[in-house]
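Note sheet for the following structure.
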Amino acid sequence: MRSNNVLGFIFADTLENKLAELASSRTTASIPIGGKYRLIDFVLSNMSNSGINNVGIVAKSNYQSLMDHVGSGSAYDLSKRRSNLTILPPCGGKTFSSFVETIYNMHGYIEHCREDYILLAQGNIVTNLDYSEVFDFHSKNNADITLVYSTGSVPSGYEQPVILDVADDGRVERVLINPEVSGGEFNLMYGTILIKKDLLMSEIRHALSLNQLDAKRMIQKAVDKYRTFAFKNSGYCAAISSINDYFKFNTDLMKKEIRDDLFNPKRPIYTKVRDDKPSRYGLTCKVKNSMIAQGCVIDGEVENCVLSKGVCVGEGAKISNCIVMQDTKIGCNTNLNYVIIDKDVTIKDGRSLMGYDSYPIYIAKKSVV
């Protein structure tokens, strides 16, 4: 099986109700992250690097930011003659109230595509994964369904986590939905599924006829009906399911081993390019253990922070443990600690804001403080 025989299908609005602040004016998948990326950059880049040339992105609302960011797909090498990137918004009054209804309402698009397989993925997962290995694993085991999982603790904001019992040969023995967990590591499935397109549509129609709209229950029942295998993603994997997860991921980027795993030069992470001048560091500035994008002007002190493009930090300002999105202006003699600041915010001179690592303060887009 070749990866160009696979249709990529991304759900852009995953858990947006758990990311209400960050997703109030955008879809989950277009949330800025890591200084110059959006969440969707990771899954889109993984698909492009793995030879998936046709990708559909389901976006039910607030998708203008997403459309502006991904554009025609040229940044991800998906705008060539035999490549395609499609945004799939609601149409004809139809809603995306469940996974089953979403897939069924998109059946025209899915069945029209020439690919025989479909790779379903969530837009809130940050990882660098070679899907070609998933395809090879699927073929080698003559699998009907392959579920991708990671080993780790259950994210705090994740709704009804799916935990897999996996045999030594990779066969899925049980699918547990929202079991009682108390610490420890589990085989967590974050919604990445490889399945034959005809099989998926058959199961979707069957589930719809029985009014069984929960995708997780459908997967649970499929274990007994089909050859279902699990592929382990051994690399770094983060599910952004709450504002605390978002904050933790950005701070994780300060660790070299995590950056090396995510930003593998053999499988680069692509994003929309914004040409900007180099960052300028003033004579009074101090910068320690931080990620600084281009176009910033820093005259204050910055420690353990992620600064996006075009951020200005005034003289005498002290900011630590903060995530600052693009074109935000931080005034002179300010003191910020554990603060997430959205785009185009103005923090006036002398302001002081302090959160905590388990409860960072969030400042909404275009606010003036």
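Among the residues of this structure, ILE269 does not count as one that is of a type in the set (A, V, I, L, M) and free of Cβ contacts under 8 Å to residues at least 40 places away in the same chain. Against the condition closer than 26 Å to SER30 by Cα and out of contact with any Pro (no Cβ under 7 Å at 6 or more places or on another chain), how does LYS329 come out, does it pass? So LYS329 fits the description; yes.
In the stretch 147-164, the condition of being open to solvent by 20 Å² or more (accessible area, probe 1.4 Å), out of contact with any Phe, Trp or Tyr (no Cβ under 9 Å at 6 or more places or on another chain) and without any contact (Cβ under 8 Å) to a residue 40 or more places away in the chain is met by no residue. Scanning the stretch 1-53 for residues that are open to solvent by less than 20 Å² (accessible area, probe 1.4 Å), of a type in the set (Gly, Ala, Ser) and more than 15 Å from the chain's Cα centre (by Cα) yields a total of 1. Looking only at residues in the stretch 339-369 that are touching a helix residue (DSSP H, G or I) at 6+ places or on another chain (Cβ under 9 Å) and assigned to a strand (DSSP E or B), which one is most open to solvent (accessible area, probe 1.4 Å)? So the residue we want is TYR359.
Contact annotation: residue pairs with Cβ atoms under 7 Å, 6 or more positions apart or on different chains, pairing a residue in the stretch 3-16 that is hydrophobic (A, V, I, L, M, F, W, C) with a partner that is open to solvent by 10 Å² or more (accessible area, probe 1.4 Å) and part of a loop (DSSP other than H, G, I, E, B), are LEU7/CYS113; ALA12/TYR63; LEU15/GLU159.
Per the listing ARG227, ARG205, the residue uniquely touching a residue at least 24 places away in the same chain (Cβ under 8 Å) and either more than 22 Å from GLU101 (Cβ to Cβ) or in contact with a Cys (Cβ under 9 Å, 6 or more places away or on another chain) (or both) is ARG227.
Is one or more of the residues making up the stretch 223-232 outside any helix (DSSP H, G or I), open to solvent by less than 20 Å² (accessible area, probe 1.4 Å) and either in contact with a Gly (Cβ under 7 Å, 6 or more places away or on another chain) or not hydroxyl-bearing (Ser, Thr, Tyr) (or both)? Yes, the stretch 223-232 has at least one match.
Quick check on my filter: what residues within the stretch 316-335 are farther than 17 Å from TYR246 by Cβ, buried (at least 19 other Cβ atoms within 10 Å of the Cβ) and among the hydrophobic types (A, V, I, L, M, F, W, C)?
Of everything in the stretch 316-335, those that are farther than 17 Å from TYR246 by Cβ, buried (at least 19 other Cβ atoms within 10 Å of the Cβ) and among the hydrophobic types (A, V, I, L, M, F, W, C) turn out to be ALA317, ILE319, ILE330.
The values are calculated or read from the model by the stated rules, or taken from the named source; none is laboratory data. Keep in mind that what you see is a predicted model, and the values were worked out from it rather than measured. Neighbour counts are summed over all protein chains in view; Cβ atoms, including those assigned to glycine, are modelled from backbone coordinates with ideal geometry. In case anyone asks, the SASA skips ligands and DNA or RNA and just uses the protein heavy atoms, side chains included. Shrake-Rupley method; radii C 1.70, N 1.55, O 1.52, S 1.80 Å.
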